[in-house]
1. If residue 39 passes every condition in (1) part of a helix (DSSP H, G or I); (2) over 30 Å from residue 515 (Cα atoms); (3) outside the structural domain of residue 411 (by TED's automatic domain parsing) but one, which one does it miss?
2. Taking the criterion of being farther than 26 Å from residue 247 by Cβ and either surrounded by fewer than 22 Cβ atoms within 10 Å (Cβ to Cβ) or at pLDDT below 95 (or both), would at least one residue in the range 105-113 satisfy it?
3. Can you tell me which residue among 557, 571 is buried (at least 17 other Cβ atoms within 10 Å of the Cβ), under 25 Å from residue 272 (Cβ atoms) and under 20 Å from the mean Cα position of the chain (by Cα)?
4. Give the residues of the range 552-600 that are modelled with pLDDT under 90 and not in a helix (DSSP H, G or I), sorted by residue number.
5. Do you know which residues across the range 158-185 are in contact (Cβ under 8 Å) with a residue 60 or more places away in the chain, more than 24 Å from residue 472 (Cα to Cα) and surrounded by 16 or more Cβ atoms within 10 Å (Cβ to Cβ)?
6. In the range 115-133, which residues are touching a helix residue (DSSP H, G or I) at 6+ places or on another chain (Cβ under 7 Å) and crowded, with 21+ Cβ neighbours inside 10 Å?
7. Name, by its number, the condition in (1) touching a strand residue (DSSP E or B) at 6+ places or on another chain (Cβ under 6 Å); (2) at positive phi; (3) at pLDDT 95 or above that does not hold for residue 156.
């Protein structure tokens, strides 16, 4: 029997409890979202409250490269192109400036839960150390914009601009790119650096449009209404009753600042998150003294090795990711002859112990027993994205904070406010902290525009049966197109997305530089190369749906339908994939210099 905070591990009892909690949340339509592209009633939720819109004349020109996306991915690609001497490129983004998710997410309390020393890119090159172990959003945005300044990435960038179509023209050997501001760009190479969490998600709840109070999405925080700004108190909420919908990675960060500012705060929770210790603190003044050249990449590799269950001399990051997540993801075998059933049973015990520690933390911190019970996560650790925070749970001890536990969701929203189980919660303001569409959202949807390749075939049609790529970065039927590696795209998955983005940018930058130096030929993935790559992806796919089917619905298990996950959308290597083997493969491909798998003409 496994001990977890005084409770013995009874597999049948634990599974029964988890299934009962899951079933409360298996509600038809729970994953429905608003169509923000076509429903004018809700289009305002995507408006930019941070940077004034500036009129400009349409741009018509030929250029070497168009990069769609100005977040970490697009910034790193632009940096690599500048380093390689490729000067003619345009970054296009719907935001008013560089920064991607860190441009949009400026809600109170926003920070990254991956260690800042491995998450912020190019720290060595910019000779910069983050101020905290886990950086706040304003510092991350400032750092990304500093990279942009260093490499002059704003030059030629088209902000507050959305691509409406990209069409391959075989006659000219170019991508014809049209935007919603009348731009017409003819590009030799087209790069999709659209990010993995870029599509704002607004739930479809009956009556939303009838709410008489003020409302906005957390990724478009309305400081004009709340007062204050990032890192500054919200001075206009002292007489306001605020509702916060969502308790995922975003919602948990908003709660404590809102609790300090609002007259009363109602937190609407469908499923509690597992809240681990963040243990944030200022960067130690001595941290830099022992650093050697190459320290950031070495630290990234160390973190990635721990997350993949590889042996390391020391856990350099040493946080809840490497303690809990890595332990659940890679439980070691106790003996060589241990059966698979025994290993699975022990993995379940390890998981139970970690989740019991999370539930015990809730009981220790939250003073009201009923509230504490509602905040306890009853599911396996990897069923839902784990969260880490030092102030979230204690915020429920404030007398002006109330938890509204609604596992079946909100019934509807009346003019006065949300209705749950017949009770109307009257609000002045409702904040949708409902995040973004899942990482596994297909590339053609994340791109947000029609991509028409050879023979007039769209990317959506080509991927109707699943992803088709070489390396998860080049697409058959779409000449001279690159996509930054991402989940669901035949690449690999990393907890620290920046490490994967660095690799993808290096490969794309080097490949475009080599092609440009060779006269900018047209390339296309061969059918054989795509077939072999996809065969390897499918062959390494592990069907985890029997375990994931018992999970509470979340974006991790396809909102309760893991059986619908497509093996073609898997990774290079089992599970999340083998990052190190993937990196070695790509580097060897670059070093060979013959662009194997591509037909160049």
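1. Single failed check for residue 39: (1).
2. Of all residues in the range 105-113, those farther than 26 Å from residue 247 by Cβ come to none.
No - not one qualifying residue is present in the range 105-113.
3. Details: 571 fails: under 25 Å from residue 272 (Cβ atoms).
Exactly one of 557, 571 is buried (at least 17 other Cβ atoms within 10 Å of the Cβ), under 25 Å from residue 272 (Cβ atoms) and under 20 Å from the mean Cα position of the chain (by Cα), namely 557.
4. Step one: list which residues in the range 552-600 are modelled with pLDDT under 90, which gives 552-565, 575.
Correct list: 552, 553, 554, 558, 559, 560, 561, 565, 575.
5. 158, 159, 160, 161, 179, 181, 183, 185
6. Here is the first cut: in the range 115-133, the residues touching a helix residue (DSSP H, G or I) at 6+ places or on another chain (Cβ under 7 Å) are 117-124, 126, 128-133.
Listed by number, the residues that qualify are 117, 118, 119, 120, 121, 130.
7. With (1) touching a strand residue (DSSP E or B) at 6+ places or on another chain (Cβ under 6 Å); (2) at positive phi; (3) at pLDDT 95 or above applied to residue 156, the lone miss is (3).
Yes/no matrix, rows are residues, columns are (1) assigned by TED's automatic domain parsing to the domain that holds residue 381; (2) loosely packed, with under 11 Cβ neighbours inside 10 Å; (3) in a loop (DSSP other than H, G, I, E, B):
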{"residue": "12", "(1), (2), (3)": "yes, yes, no"}
{"residue": "21", "(1), (2), (3)": "yes, no, no"}
{"residue": "53", "(1), (2), (3)": "no, yes, yes"}
{"residue": "67", "(1), (2), (3)": "no, no, no"}
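The values are calculated or read from the model by the stated rules, or taken from the named source; none is laboratory data. In this text the structure is predicted, and so the values were computed from the model without any measurement. Note that each Cβ is placed from the backbone with ideal geometry, even for glycine, and that neighbours are counted across all protein chains shown.
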